[in-house]
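Novice: Next up is a structure, given as structure tokens.
No value in this document is a laboratory result; all are computed from the given coordinates. The structure displayed is predicted, hence computed values, not measured ones. Here the Cβ positions follow ideal geometry from the backbone for every residue, glycine too, while neighbour counts run over all protein chains shown.
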Amino acid sequence: MTNREYIKKIKVSDHILLKEIELLDAEDIFKTIDNQRPYLGKWLPFVEVSVHVENTEFFIKKMLEDTHDNYVFVIHYDGVFAGLIGFKDSDKQNKRTELGYWLSEEYQKKNIITQCVQTLCEFAFDELEMNRVQIRCAVGNLPSKKIPQKLGFVLEGIERDGEKLTGGIFTDLEVYSKLKND
């Protein structure tokens, strides 16, 4: 169903499996968003406009049409949907990409995203032949920015008013990067 030859799966640990997103994942993703709007909506602008499962299906279809190494993976923890992680704005010519992620509230503080980011950095450097992986986190989103900090990413600076959050409020973003040679 994707433009790739098969659905990519990456085993992160005995508990964590990344599976390339499919249209069949829409219901799990939407239910999680819908049940956790206050929690997820604080930092994720798409929550406000994800009001029907069709919105999630549209997002997935757009991801499946993308052929520029912008892989998006569902995170399964012990076989249950836990969140999403993926590459965006990949630039093959300049060998750089950005990682974005979100995790259901009940799966927080289990080291899941840290392990997934580490695994996908290796994937980006080794399989996608990237030289740079970037992560941008809202200045106030302490749990999210702990991930690149733990994994040795370098804080490059602040992108002022870099993202518009729910309610039309802009937030500054901390920009972190890791190079293949780091």
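Novice: Are there any trypsin sites (Lys or Arg not before Pro) in region 93-182 that are in a DSSP loop and have at most 11 other Cβ atoms within 10 Å? List them by number.
Specialist: Those satisfying the criteria are LYS109.
Novice: Starting from the Cα gyration tensor of region 21-118, take the square roots of the eigenvalues, sort them a ≥ b ≥ c, and report rounded, prolate or oblate (rounded when a/c is under 1.5, otherwise prolate if a/b is larger than b/c, else oblate). List each step's numbers first, then the result.
Specialist: On the way: a/c = 1.68, a/b = 1.23, b/c = 1.36.
Note, shape of region 21-118 comes out oblate.
Novice: Please work out the ratio of the alpha-carbon Rg of the chain to 2.2 N^0.38 Å and round it to two decimals.
Specialist: The value comes to 0.98.
Novice: Whose amide H sits under 5 Å from the amide H of GLU163, counting only residues 5 or more places off or on another chain, with H placed in the peptide plane?
Specialist: THR171
Novice: Beyond a 23 Å Cα-Cα separation, which of these cross-linked pairs lie in this structure: LYS88/LYS164; LYS9/LYS61; LYS62/LYS178; LYS8/LYS95; LYS8/LYS146?
Specialist: LYS62/LYS178; LYS8/LYS146
Novice: Quick one: dipole size for the chain, taken about the Cα centre, charges +1 on Lys/Arg Cβ and -1 on Asp/Glu Cβ, in debye to the nearest 20. List each step's numbers first, then the result.
Specialist: Details: 25 positive and 31 negative charges, 101 e Å.
Result for the chain is approximately 480 debye, rounded to the nearest 20.
Novice: Put +1 on the Cβ of every Lys and Arg and -1 on every Asp and Glu Cβ in region 70-146; which of GLN93, LEU142, GLN115 then has its Cα farthest towards the positive end of the dipole?
Specialist: LEU142
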